[in-house]
Amino acid sequence: MADPVTGSARSETPKAAASFEEAYQRGITDELPPPPRRQRALPPAPFALRGAVITPESAWSTGYVTVADGMIDRVSRRRPTSVPVLDTDGVILPGLLDLHGHPEFNVFAAWEPPKLYANRYAWRRSTAYKQLVRDPQNALRDAVPPQTQTRYAEVRALVGGVTGIQGAASASSSAAAEPLVRNIDRWAFGAHRARSLIDLPSGSFGKESFDRIIAHIAAGTVNAFYLHLSEGRRGDDVSTDEFRRFLDLGAATPATNIIHGTALTTADLHEVADAGCRLVWSPQSNLRLYGETTLAGEALRAGIPMALGADWLPSGSTSLLGEMKVARRELARQGHPIPAADLVAMVTSVAARLAGLDEHLGSVAVGRPADLLVLERHHKDPYENVCLADPSWVQLVCIGGDVTYARADWFDTLSGGATGSTIEDLVAWGKPMRLDTGFQSPADGPAPSLTEIRALLTSAYPPVGPIFA
């Protein structure tokens, strides 16, 4: 397989995998039993949240969401009388889903590209990238446990309202046990229905893994395939050739989520639309590296379902909420202004559909896992409020009913005053908040706190990028 981001070679051997993690990397987890499920510290009693509620059909100015046993038990305009109600005075919506990233690299601060590049292969070969991003990453890999960077990145995602991320490379954070924030292209809800590749196979290298993915898609055992494709400037020969090879290999399927596609022309977009492909767009990173981004307006006109991803901190947005703002401005510049409700769907319901997890995620609906986000309310239109929000507006994040990150007073109320080594008080953008990083399989032993994670990273690499900045 290719190394995440760099595409450098990793050995593939035909022998049986020696561990779950090795098997995971080789893409043969269908031959193994599922990992142990995450054990979550659920609140001691059901509760309801009051606020503006974004439902699958519309946004209510006032509504109530009841949570019991980790699930959404009721969504109503009427105040429940059988459970305590927390009046949030905020906007309640599904946890955000970030469909493109490289979380292990989100421990770094932003990289300033010294120039614009023709395609992703050009900057991956550059000396500046190796010195400022690749070499520090290699040093951290040798110095800290493999899940440490992922956990830090999960906290960064969580405090921005994200409850599901794509692209984590550290199998130990999600193969042996589900992680803090759902890694949605790994094991989720007891199954592994998604696969990811950075690059198309080159000759025989990577072909076995690629063919296995395509076979899974044909068999219906994989319903989401994330693939970086034609990431470069339009007219770039390398990106154009890559697109033709993508078609020749039969990779254009109804399960394929094309990541970037910046070099695709209008005709190319209509071709992948006809094949049923979907698109994951990361405009901030594209604009910083290439000076242009995907023809997203044309993609929407062609009927391609589209979700967003913040990519990675070296060139992307600091949060998915920030990426939404870039996407909105760019769509308007391309002559395709987008309604606020449609932009919110790109990071909730549409994103869940692209992830193949729309039976579980992306909607505030009865019977779904209680993956919920509450934002401060500063606009009368709940959809517009989400589009204007930044991470400092995040008031509460629940994953599977867990109160994972919240205002300190709300956390205390909803958790019954829970304490422990993984529960920490934080000051987030001037606001007292509380975080719990302790959600994991009991077999893994005690989970590290954010303080412990930060200490491990900064001892090996002092200029680790801050979370609250």
Could you count how many residues in the range 109-127 are in a helix (DSSP H, G or I), in contact (Cβ under 8 Å) with a residue 24 or more places away in the chain and more than 25 Å from residue 240 (Cβ to Cβ)?
-> 0
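Does residue 152 satisfy being within 27 Å of residue 70 (Cα to Cα), in a helix (DSSP H, G or I) and among the aromatic types (Phe, Trp, Tyr)? Walk me through how you get there before you give the answer.
Numbers: within 27 Å of residue 70 (Cα to Cα): yes; in a helix (DSSP H, G or I): yes; among the aromatic types (Phe, Trp, Tyr): yes.
So residue 152 passes the test.
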Of (1) surrounded by 17 or more Cβ atoms within 10 Å (Cβ to Cβ); (2) under 22 Å from residue 313 (Cβ atoms); (3) not aromatic (Phe, Trp, Tyr), residue 458 satisfies all except one. Which?
-> (1)
Only one of 352, 302, 340, 310 is farther than 30 Å from residue 132 by Cα and crowded, with 22+ Cβ neighbours inside 10 Å; which?
-> 352
Taking the range 330-375 as the region of interest, how many residues are without any contact (Cβ under 8 Å) to a residue 24 or more places away in the chain, closer than 30 Å to residue 69 by Cα and of a type outside the set (A, V, I, L, M, F, W, C)?
-> 2
Scanning the range 270-310 for residues that are among the hydrophobic types (A, V, I, L, M, F, W, C), within 21 Å of residue 238 (Cα to Cα) and out of contact with any strand residue (DSSP E or B) (no Cβ under 8 Å at 6 or more places or on another chain) gives 287, 289, 295
Select from the range 115-161 the residues that are β-branched (Val, Ile, Thr), under 22 Å from the mean Cα position of the chain (by Cα) and under 30 Å from residue 406 (Cα atoms) and list them in ascending order.
-> 148, 150, 155, 159
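If you take just the helices (runs of 4 or more DSSP H) that sit entirely in the range 199-275, which of them hold at least 3 residues that are within 27 Å of residue 316 (Cα to Cα) and free of Cβ contacts under 8 Å to residues at least 40 places away in the same chain?
Details: elements: 207-219, 237-248, 266-274.
Hits in the range 199-275: 237-248, 266-274.
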Pairs under 6 Å by beta carbon, first residue under 16 Å from residue 70 (Cα atoms) and crowded, with 20+ Cβ neighbours inside 10 Å in the range 403-418, partner at pLDDT below 95 and acidic (Asp, Glu), six or more apart or different chains?
-> 404/436
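Listed here are the residues, each with its yes/no results for (1) touching a Leu at 6+ places or on another chain (Cβ under 6 Å); (2) outside the structural domain of residue 242 (by TED's automatic domain parsing); (3) farther than 23 Å from residue 256 by Cβ.
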residue: 115; (1), (2), (3): no, no, yes
residue: 122; (1), (2), (3): no, no, yes
residue: 133; (1), (2), (3): no, yes, yes
residue: 139; (1), (2), (3): no, yes, yes
residue: 194; (1), (2), (3): no, no, no
residue: 199; (1), (2), (3): no, no, no
residue: 203; (1), (2), (3): no, no, no
residue: 207; (1), (2), (3): no, no, no
residue: 219; (1), (2), (3): no, no, no
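I'd like the full set of residues that are touching a Pro at 6+ places or on another chain (Cβ under 7 Å) and either closer than 19 Å to residue 165 by Cα or assigned to a loop (DSSP other than H, G, I, E, B) (or both), limited to the range 327-337. Working first, answer last.
First pass over the range 327-337, keeping only residues touching a Pro at 6+ places or on another chain (Cβ under 7 Å): 327, 330-331.
Answer for the range 327-337, where residues must be touching a Pro at 6+ places or on another chain (Cβ under 7 Å) and either closer than 19 Å to residue 165 by Cα or assigned to a loop (DSSP other than H, G, I, E, B) (or both): just 327.
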Residue check, residue 263 touching a Cys at 6+ places or on another chain (Cβ under 6 Å), under 28 Å from residue 125 (Cβ atoms) and not polar (S, T, N, Q) = no
Among the residues of the range 255-292, count how many are farther than 18 Å from residue 355 by Cα and among the small types (Gly, Ala, Ser).
-> 4
In the range 297-326, how many are under 24 Å from residue 103 (Cα atoms), in contact with a Leu (Cβ under 9 Å, 6 or more places away or on another chain) and in a helix (DSSP H, G or I)?
-> 6
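The values are calculated or read from the model by the stated rules, or taken from the named source; none is laboratory data. Treat the numbers as computed from the prediction; the structure is a model and nothing was measured. In this analysis, Cβ positions are derived from the backbone assuming ideal geometry, glycine residues included, and neighbour counts consider all displayed protein chains.
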